[in-house]
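Asks: Below you'll find the structure I mean.
Each value in this text was obtained by applying a stated rule to the coordinates, not by laboratory testing. Everything numeric here is computed off the predicted structure, so don't read it as measured data. FYI the Cβ positions are ideal-geometry reconstructions off the backbone, even for glycines, and counts take in every protein chain you see.
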Amino acid sequence: VGNYKRTVKRIDDGHRLCNDLMNCIHERARIEKVYAQQLTEWAKRWKQLVEKGPQYGTVERAWCAFMSEAEKVSELHLEVKGSLMNEDFEKIKNWQKEAFHKQMMGGFKETKEAEDGFRKAQKPWAKKLKEVEAAKKAYHAACKEEKLAISRETNSKADPALNPEQLKKLQDKVERSKQDVLKTKEKYEKSLKELDNATPQYMENMEQVFEQCQQFEEKRLRFFREVLLEVQKHLDLSNVASYKNIYRELEQNIKTADAVEDLRWFRANQGPGMSMNWPQFEEWSADLNRTLSRREKKKASDGVTLTGINQTGDQVSQPNKHSSSLSVQSNTVQSVQSSYNPFEDEEDTGSTVSEKEDNKIKNVSSYEKNQSYPTDWSDDESNNPFSSTDANGDTNPFDEDTPPAMEVRVRALYDYEGQEQDELSFKAGDELTKIENEDEQGWCKGRLDNGQVGLYPANYVEPIQ
């Protein structure tokens, strides 16, 4: 009696399981969305880096094919997210709403109907069971009383002080006890027989209500199986034709990379095969031939720090100046757009490691393919790039009318690789001589021990005590 409550509770569990399945699908859809967004951001960032970087020709197109793959896969995962939320999630939500009906007083209509059905089917049998329990209790009490009366009679016979009248009462008590035992036993057996006769009908009624609950649960189980199969289809991209085509196209793009073709293109456009601009006689002009010094250019830029000024319009290769290595030192400033300050600690900036890693990745390309290179040349044995005149005939940009400052020995705190011809390159710990104080843009003029003179960031060094 009362064990049907486990079956009734299963109805409430079914409603809760619908919520659990919806939450499960919702979380997966959120993961698909985030993954798609991250793929798109990755593809956009690296597509710009590759396009602006030094890679060229068919290998560049093969490399960019990975970004195209990411964008297409991102679209597919957004479609997966849409299918999970718009189809599967909504389907469960609607089915739950149709299958479970809430009552004004709380609970579900289906739960109350099952509870009432089981209670109604069990009530007659439970009443007879209660009668059987009462008859059993009366019979066992009569048996106990009979045994006690017989024990008293037996003890009184052995007592010579007991008069015959008292002995007679004890014997009568034993007789009445035996009669009570017979009556209660008969009643107990009768009620038990009635219970046995009512049991088949009771079982039939209970099974009828139970089958109704089973049918309700079967609908839920079959529905869950159907939904899970649909979810599997939405998640399985291996059977999506467009998904296979993405990687078939990616493979074709990579295989089309041709080293011979790229070298031929580079020779025709950047090498001996390119159209030459041989020097010709030019009349002197004060306005046309004037080259702004570095500091004048910076003052004209409204406070923007320039790290890639082109001195001429000619584009010639300079393989020894920069590299396209992807392993960038965290303390090397290589792009104006970088928001990562190498002089600020993590505690000061409050930025996370991942943010700094992202900023370093953004600056991974050491130079852009459309970067112009100076045409300075010199037959002098000295390696000082500032000893020769500019291609346009101007003098050294450091020859300005600023008074020299007192020379101070300084030590480099960080590695720095010069981004322009007039900048110094040094490693952390190297010593050099500061020959001009910091200007408005934060640059100092210094001289390395090998005699090379150039600019460097003022906050990259510290005075030697």
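Asks: Tabulate in residue order the Karplus-calculated ³J(HN,Hα) for the stretch 38-51, using 6.51 cos²θ - 1.76 cosθ + 1.60 with θ = phi - 60°, rounded to whole Hz; enter x for Gly and Pro.
Replies: 5, 4, 5, 5, 4, 5, 5, 5, 6, 5, 5, 5, 5, 5
Asks: Rg/Rh for the stretch 109-209: what does it come to with C-alpha atoms and Rh from Kirkwood?
Replies: 1.34
Asks: Mind putting a number on the dipole of the stretch 109-209 about its Cα centre? Charges go on the C-beta only, +1 for Lys and Arg and -1 for Asp and Glu, and I need it in Debye to the nearest 20. Spell out each step's value before the answer.
Replies: On the way: 24 positive and 20 negative charges, 64 e Å.
The dipole magnitude comes to about 300 debye.
Asks: Now for a different question. Eigenvalues of the Cα gyration tensor times 5, then square-rooted: what semi-axes does that give for the stretch 409-463, in whole angstrom, largest first?
Replies: Its equivalent ellipsoid spans semi-axes of 14, 12, 11 Å.
Asks: Related question: Given the peptides 218-227, 115-124, arrange them by the average over their residues of other C-beta atoms within 10 Å, most packed first.
Replies: So the peptides 218-227, 115-124, ranked by packing, come out 115-124, 218-227.
Asks: Run the quick spin-label model on Q215 and A141: label points 7 Å from Cα toward the beta carbon, then report their separation in nm to one decimal.
Replies: Placing both labels 7 Å beyond Cα along the Cβ direction yields 4.7 nm.
Asks: Let me make sure I get this right: for the stretch 1-102, a, b and c are the square roots of the gyration tensor eigenvalues over alpha carbons, sorted descending. Under 1.5 in a/c it's rounded, otherwise prolate if a/b > b/c, else oblate. Which is it?
Replies: Prolate, since a/c reaches 1.5 and a/b exceeds b/c.
Asks: Right, next: Could you tell me which of L182, Y202, T111 has its Cα farthest along the dipole of the stretch 109-209 towards the positive end, charges placed at Cβ (Lys, Arg +1; Asp, Glu -1), taken about the Cα centre?
Replies: L182
Asks: What is the gain in length, in nm to one decimal, between M203 and R119 on full extension, counting 0.36 nm per residue of separation less the C-alpha to C-alpha distance?
Replies: Between M203 and R119, full extension yields an extra 29.0 nm.
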